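Input: a single structure, listed below in structure tokens.
The values are calculated or read from the model by the stated rules, or taken from the named source; none is laboratory data. These figures come from a predicted structure and were not determined experimentally. Glycine gets a Cβ as well: all are built from the backbone with ideal geometry, and neighbour counts include every protein chain shown.
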Amino acid sequence: MGGRRRRWTVGGVVLAILVATVAAIPEAAAETPVRVRDVTLTVEGERATGRVYEPDGEIRDLIVAVHGHAGSAADFPEYMASIAQHTGAALLTMDQRSADGRWRTGEWNVWAGWQDIVAATQWYRGEHPGIGRTVLWGWSQGGLTSGLAAAYAPPGTYDYWVDTFGQASDFISWAQAPLAGPSLRPEIERDAGGCGPLTCPAAYAARSPSLLAGRIGVRRAILLHGTADPLVPYTSGLEMRAALMAAGKPVSMYTVLSGRDLGGAVVPGDHGLSPVFFESGCVVERLLANTEPWASDYIVDVANGVNTAPPAPPNSKCAA
């Protein structure tokens, strides 16, 4: 992913990430046979926006990407375009409008967010009735939001769910919100109707994928989490895995202790544009290439010479 390097601060945790600017999208589209077009839909009477990356040729599959907290549909355009190019699938991503039209894009608006995701998926599949598989892929807050989409969407909407260091429940997200700074807990409460989990537990339960595991009807869920994650602890991935297993749902989990960053250095498996994120992109590509095996667990610990993950797709950057 090209672009400019900047510092991203979330609640005092500074992560060095590579972010391509929105202005770089036409350049990326010119270098690769991928078109980018804006999406505007009306969902629940409000305006929902996003974008779709479309490779040349017949579009047979769809990837629905769900951004994290403080993110938007403009995140990582060169990387999104490269995945669309590698797979030949369209990649659709939404800004996730606020629940009442007053919030900023990127705030904790998971209830409106999952509705936007499902509506956009239905719209795009309606435009392209020949689409076969649909992969739902969310990271961080987008892991929880995409889990809600998988649980509440009509049966058959999604074939696979890829959850990258996502929160498993709204209850734990509220409890651990200080890890991401003082503004997150009020956002979570506002999304739940203006109250905390002790006051309105039903709203939090309705926003908790781990409590909705029995409703998730995908062919398989693939979870990825780093053991050094400072924002969404590794135990969240274990919680989601346990919930899916208890519900009898097919699930695989990648545990990343260490991997390589964009410069090739060995780094811990943490949050943001980390080895965990890139391994999840490789999972998406392998799913659509029919090369993702169905083993239940994978361990990636490059620092200690351990990597049981499947081989990387061509031209892709996985954790190793």
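For segment 120-130, give me the residue count where each residue is touching a residue at least 40 places away in the same chain (Cβ under 8 Å) and assigned to a helix (DSSP H, G or I). I'd like the intermediate steps shown before the answer.
To start, the set of residues in segment 120-130 that are touching a residue at least 40 places away in the same chain (Cβ under 8 Å) comprises 120-121, 123-125, 128, 130.
Subsequent filtering for residues that are assigned to a helix (DSSP H, G or I) retains 120-121, 123-125.
Residues that pass the stated criteria total 5.
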Number of the condition not met by Ile216 [criteria: (1) among the β-branched types (Val, Ile, Thr); (2) closer than 29 Å to Trp174 by Cα; (3) surrounded by fewer than 16 Cβ atoms within 10 Å (Cβ to Cβ)]: (3)
Close pairs from segment 282-305: first touching a residue at least 12 places away in the same chain (Cβ under 8 Å) and closer than 20 Å to Ala81 by Cα, partner in a helix (DSSP H, G or I) and of a type outside the set (S, T, N, Q), Cβ under 7 Å, at least 6 apart: Val284/Ile83; Glu285/Ile83; Glu285/His86
Scope segment 134-183; condition among the aliphatic types (A, V, I, L, M), without any contact (Cβ under 8 Å) to a residue 60 or more places away in the chain and over 16 Å from Trp114 (Cβ atoms); matching residues: Ala175, Ala177
Test: residue in segment 109-119 that is of a type in the set (S, T, N, Q), within 18 Å of Ala221 (Cβ to Cβ) and in contact (Cβ under 8 Å) with a residue 12 or more places away in the chain: no
For Thr93: the one exception among (1) under 20 Å from Thr40 (Cβ atoms); (2) assigned to a loop (DSSP other than H, G, I, E, B): (2)
Single condition Asp116 does not satisfy, out of (1) touching a helix residue (DSSP H, G or I) at 6+ places or on another chain (Cβ under 6 Å); (2) under 24 Å from Ser208 (Cβ atoms); (3) at pLDDT 95 or above; (4) not aliphatic (A, V, I, L, M): (1)
